[in-house]
Each structure stands twice: as structure tokens, then as C-alpha cells.
Amino acid sequence: MALRWKNTLNDRDVTDEAHFLNRRQLIGGAAVGLGLASIGAGAGMAAADSLEPNSYEDITQYNNYYEFGTGKDDPARYAGALTTEPWSIQIDGMVDKPGNYALEDIMKAMTIEERIYRFRCVEAWSMVIPWNGFELADLLALAGVQSSAKYVAFETALRPDEMPGVQFPVLDWPYVEGLRLDEAMHPLTIMASGIYGKDIPNQNGAPLRLVVPWKYGFKSIKSVVRITLTDKQPPTSWNNANAREYGFYSNVNPELDHPRWSQASERLVGGGLFAKRIPTLKLNGYEEEVASLYAGMSLKETF
Ligand code: MTE
């Protein structure tokens, strides 16, 4: 039951299409296709219709964004203070055109699509989220990746004046993440600028956050201000905090339990008292698309 991941408008989205005409996406020049970009169907599209996205409320009121506090409702309460305009992303390291890329210029150059993805947190809850965004590979192409690059490092904004959570040493700030270059270039890997056709709310990582749907949610770093191409595996916040519990790869794996809880199943957020527990899928249901990235590598030993 793989989830469709391209050309993913459902009936409700179509009737709601005014949402897609929001300003940022118009600036991005992508409203033309209203997310109906004509890329061929991903594997498993047929089975996808049974999967309903979570409500806008679930997605934007139950968050992890520790820079604003560790409670699930802290981000919705405090992230409004984050200034997201102007915004730019420094792209540097092993690229032909290093520099500070203004968000408007990035959005103008990108094609926005809707991608309905499963989202699985390492804490064993999950959602289905209709993101709007573009492939990370397209952004990296703007800067021109050099052949020596093997990894991509990401960094979140660090604004003590706007982020009440960073006064606590829960993690080493700024929040940092990383991917192997082939993971970063995979067409499933996106930078999200919207949810349900609206600009992405601050608590979800405005104005641009990474989404890597086959990995635990903490890899999907929010409010990115820097992307560095490198030939060394970059440090990552959760691995720095506890290397025994959180590896660099962090691929969703129901067969490898967290040292303190099972990863075999997950609680689908939004079910209230009757919240469903559903089996967790290998690589979060994207095995067909991404398993080849890990050919010959033990996902149990290299987590
Ligand atoms: N990015 C930053 N900068 N800070 C964070 O605390 N939390 C991660 C990830 N990205 C986090 C972050 C975790 S643990 C998860 S599960 C997801 O964001 C949650 O994304 P969501 O709140 O949009 O569901």
C-alpha cells in the first residue's frame, strides 16, 4: 500500500483550489499547474486513494520544533514570533555558485507540486500530510553541485530573541541535519513551502523545510538557512545528542526498535480516543522507490 506521491490532488483539494493561488506560489510561477505537474505516476499510485490526509488542524497544532519548546503545542503557540521575511538560504561548500539565495529568487525558479506523503516521527506517531514544495535536487542544481560532493548538510535559523526554546540546552543549537548526496537528489526528497495549498505555517518550518518521507521526522529539518555540500558525513543534532538512539540514516524501520520503545507500529494522529495504531511500513512505505539507495547495506547495523 504505497502512497501516491505525484500528481496528488484529491477531490477536496480540487474544490479548494483557491488555496493554491496564494501569493508565494504565484510568485513561484507554479500556480499554472495547480500542482498538477505532468510527471508520470510514482509506483503504487493506485493503492493510494484509501489514504486520507490529516486535517490542517492536526498538522499545524501537534508539532515538534524544539527551538520553541518541547511541548507538542509549544510551536503553534510561540513560533509566530519567527520573522520569515526577508529570508535567504546560504548555499555553499562544493558548489559552482556559492552564495546567499533570496527566498523570492528560489521560489521564482522552482516548480511547486503537491506531494501527499506519510510522515512518521521516531516517537511512533504519524500523519499523512499534503505538502506543497519542490524537489531539493532542483534547488541544488541552481547552485551547481560539484563532483567531489558526497553529502549535504542543513542548518536551521538560530534566533534566541525569537526562539524561547533555545535558552535550554536540549540540543546543541542551531539544529543541524544531513543527507547522503544520493538521498538528497532522490525525487521524493522535497523542500516544502506549503501545506494544503497555503504557505507553510511557522510551526511547521516556514518558510522552507526539508521533507524526506522514508526517514524519521527529525531528519526533516525546519526553517533552513544554510545548505552545505561536503565530502564528509555531516554532524546531525539528534545523533550528537544520543548516538546510541539516533543514527545518521534514521530510515523508518519497523524491524529495528528504538532502545526504549517498539517501532513496529505507530499511532495515527487525529483519531482522538479511538486513535488507530497501524503497522509501520519499511522505509515508511517507500521501499519500492528508495530501497535501491541502500543495496548491500544492513539497515539494522547502519541506522
Ligand atoms: N527541525 C528543527 N529545526 N527543530 C526541531 O525540533 N523537529 C523534528 C523535525 N524538524 C525539529 C525539526 C522532528 S522530531 C519532527 S517529528 C518533525 O520536525 C516534525 O514536523 P512537524 O511539526 O511539521 O510535524
**Q.** Cross-link pairs LYS97/LYS222; LYS150/LYS219; LYS108/LYS232 - those with Cα-Cα distance over 29 Å
**A.** LYS108/LYS232
Q. Considering amide H positions built from the backbone, and no H for Pro or chain starts, which residues 5 or more places from ILE200, or on another chain, come under 5 Å of its amide H?
A. GLY194, ILE195
Q: For the range 73-81, just list the computed ³J(HN,Hα) in residue order, Karplus coefficients 6.51, -1.76 and 1.60, θ = phi - 60°, integers in Hz, with x standing in for Gly and Pro.
A: 9, 4, x, 5, 6, 10, 6, x, 6
Q. Given H placed 1.01 Å from N in the peptide plane, which residues other than close sequence neighbours of VAL95 have an amide H under 5 Å from its amide H?
A. GLN146
Q: Taking H placed 1.01 Å from N in the peptide plane, check which residues at least 5 places from LYS215 or on another chain put their amide H under 5 Å from its amide H.
A: VAL252
Q) Rg to Rh for the range 11-294: what is it, with Cα atoms only and Rh by Kirkwood? A) 0.93
Q | Student exercise, the range 11-294 dipole from Lys, Arg, Asp, Glu Cβ charges, in Debye to nearest 20 | A | 460
Q.
Through the Karplus equation 6.51 cos²θ - 1.76 cosθ + 1.60, θ set to phi - 60°, convert the phi angles of the range 220-235 into ³J(HN,Hα) values in whole Hz; use x for Gly and Pro.
A. 7, 5, 9, 6, 6, 10, 8, 10, 10, 8, 9, 9, 10, 4, x, x
Q. Which one of GLY197, TYR294, LEU256 is farthest out on the positive end of the charge dipole of the range 11-294, using unit charges on Cβ (Lys, Arg +1; Asp, Glu -1) and the Cα centre as origin?
A. LEU256
Q. Over all distinct Cα pairs, what is the inverse of the mean 1/r for the range 179-262, reported as the Kirkwood hydrodynamic radius in Å?
A. 14.2
Q | Loop sites in the range 246-303: GluC sites (Glu not before Pro), DSSP, at most 14 other Cβ within 10 Å | A | GLU255, GLU301
Q.
Quick check for you: with a 1.4 Å probe and neighbouring chains kept, what is the accessible area per residue of the range 241-280, in Å²?
A. 56
Q: Would you kindly derive the ³J(HN,Hα) couplings of the range 271-287 from the backbone phi angles with the Karplus curve 6.51 cos²θ - 1.76 cosθ + 1.60 (θ = phi - 60°), listing them in order in whole Hz, with x for Gly and Pro?
A: x, x, 4, 9, 3, 7, 9, 10, x, 7, 9, 4, 6, 6, x, 10, 4
Q: Within the range 131-235, report the trypsin sites (Lys or Arg not before Pro) that DSSP leaves as loop and that have at most 15 other Cβ atoms within 10 Å.
A: LYS150, LYS232
Q.
Given axes a ≥ b ≥ c from the Cα gyration tensor, I'd like to know whether the range 224-303 is rounded (a/c under 1.5), prolate (a/b larger than b/c) or oblate.
A. prolate
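The values are calculated or read from the model by the stated rules, or taken from the named source; none is laboratory data. Every value quoted in this text rests on a predicted model; they were computed, and no experiment measured them. A quick note on method: Cβ atoms are made from the backbone with ideal geometry, for glycine too, and the neighbour counts reach across all protein chains shown. What goes into the accessible areas is simple: the full protein's heavy atoms, side chains included, and nothing from ligands, DNA or RNA. Shrake-Rupley method; radii C 1.70, N 1.55, O 1.52, S 1.80 Å.
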